[in-house]
Amino acid sequence: MRSHSAFVPSLAVLFTTAALSAQGSFALDKTTDGRLAFVVGFDFAGAPAGSTLLFMTSSTSGPIPLSIVDPADPRALSVGLELAPLWFTVPTGTGSGQVGLPTPNDASLAGLMLNFQGLTVPGSSLVFGAMSNPVTQQLGLASTPVGLPRNLVTGRALAQVFRVGRDVMLAGGGQGSLLGATGLASTERYDFRGMTVAAGPSMTTPRALAFATRLSDGRVLVCGGVDATGVVLASAEVFDPATNTFTPTGSMTVARAAFDGTILADGRVMVAGGTTTLADAVAALSNAQDTVEIWSPTSGTWTRVASMGDRLLAPDLTLLTTGSVLLSGGFDVNSLFGFPLPVGSITTCRRYNPTTNIWSSAAAMTASRGAHGFNTVRLGDGRVLVTGGATSGPDLTQAASIASAEVYNPTTNSWFSLPAMAAPRAIHSATLTLSGKVLIAGGAGGTLTAPIETASVQLFDPATNGWSTLGNLVTARAGHAGALTDDGLIVLFGGQAGGGTSSLNSLETIRP
């Protein structure tokens, strides 16, 4: 394999718009995902108009004091000097613009981290004028996962992931299986511009297997799950990006784990099903819920609404473009004289109308499944993609992962069975890409209590209802978090390995 320095003769460059960084007086950002054999792109904004922009790149990160050129300049560059012969200038025009860099089709460069920064000339009282924030981009081949040379502060699986501006935050998670998880209170924040990870603010309560959703005002509600000892929680809290803090809000009317939720069209949040304990399988079944409740962001309180009619573990709730909510599948728990009967995954679906507080029947899925709420995606055309999950006979602990996939059309109230995925999988990531396709990565085969992690990656195309196979993950993982960033890159965080016995702190990137 050739050294990354083989890339040096090929360099040329670009920029993007965002809030100004404390490290720069004008904004520089990424617009493409850094794939080799394509143009790598950036935008700049807020630069002095009618000036000249010096665009700089390096594979090292400085700092380089500008005093080596101008002794009166106290600032320092965040790029190194080793690629200085490749730096070039472009006019700033009105202060905003774009630049581009074609990259070679060279697999040996996959994983190379490049740093970029802009500097205007001339300055008024100094040699150099305004300086942009630094930006880091990783190069990689299309459709081929590559490890990111960054680690989470703490290995974690079954965490909640949500966007904070252009950054990504992981909240809680921890170790253990779906039926025996323990939670963390810590959070971590992935910086979009720098591709780095740092500890974030702690939640008020440790929690794994929680539900989180971004609210219409930019805050994030996190509720339920299990704490550091595996106790199921009724508590909820709200993250405010303006203050970078979590604050308790009203608790749910009942503790919940193995449940799901969704934000409603009016900004309220709905949760349904689950169980009040995961102490053991019998207790989990005995305390399964048919209850549904809705949280108001105005009052911070929860209100019970019409029940689902069945006690369900691990169903999925998805908001439809019509404003109604689709409830699909799950593990149905029945009882006789208070004792739980054998449980099985179901095909049953219902629709909830938040305006009338009425549940109505919906077409049944073509395959029975539960634990699919981790990876159900509403497509750009309004249909709902359901992939994998687990199917179960009488013993929930032996619920086995499945490879089937299907889409729901809310207009026709019908399901369409898709070709099976390449591997059975549950607790995998399903991430909507900028092109509208869905990237399915990792997950676990085997059973919920004896998972077998997979490295398989596939891409679903809604236009053809077909699958394409991508390169395998660097590390087989399940229970990880996947997030799309503004440059089109998909980043995978942590997860489980070793049959669910260990939590990963590694990250990898995919350019679908």
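What the table below lists for this structure:
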read-out	value
Test result for Pro241, more than 30 Å from Pro134 (Cβ to Cβ) and surrounded by fewer than 23 Cβ atoms within 10 Å (Cβ to Cβ)	no
Meets criteria (small (Gly, Ala, Ser), in the same structural domain as Gly373 (by TED's automatic domain parsing), farther than 17 Å from Leu233 by Cα and touching a residue at least 24 places away in the same chain (Cβ under 8 Å)) for Ala281	yes
Subset tally (residues that are crowded, with 22+ Cβ neighbours inside 10 Å and small (Gly, Ala, Ser)) for the range 461-481	3
Answer from Val407, Val491, Val474 - the residue that is assigned by TED's automatic domain parsing to the domain that holds Gln175, more than 16 Å from the chain's Cα centre (by Cα), in contact (Cβ under 8 Å) with a residue 40 or more places away in the chain and within 19 Å of Arg150 (Cβ to Cβ)	Val474
Residue match in the range 236-246 (condition: within 17 Å of Leu158 (Cβ to Cβ), among the aliphatic types (A, V, I, L, M) and under 21 Å from the mean Cα position of the chain (by Cα))	no
Lone unmet requirement of (1) outside the structural domain of Pro241 (by TED's automatic domain parsing); (2) of a type in the set (S, T, N, Q); (3) in contact with a strand residue (DSSP E or B) (Cβ under 8 Å, 6 or more places away or on another chain) for Thr94	(3)
Any strands (runs of 3 or more DSSP E) falling wholly within the range 382-442 and containing at least 2 residues that are buried (at least 20 other Cβ atoms within 10 Å of the Cβ)	384-387, 405-409, 429-432, 438-441
Residue match in the range 308-320 (condition: buried (at least 21 other Cβ atoms within 10 Å of the Cβ), of a type in the set (D, E, K, R), over 23 Å from the mean Cα position of the chain (by Cα) and assigned by TED's automatic domain parsing to the domain that holds Arg166)	yes
Which numbered condition Ser286 misses (of (1) farther than 26 Å from Asn375 by Cβ; (2) modelled with pLDDT of 95 or more)	(2)
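The values are calculated or read from the model by the stated rules, or taken from the named source; none is laboratory data. Here the structure is a predicted model, which is why all the values come from computation and not from measurement. All Cβ positions, even for glycine, are placed from backbone atoms using ideal geometry, and neighbour counts span all protein chains on display.
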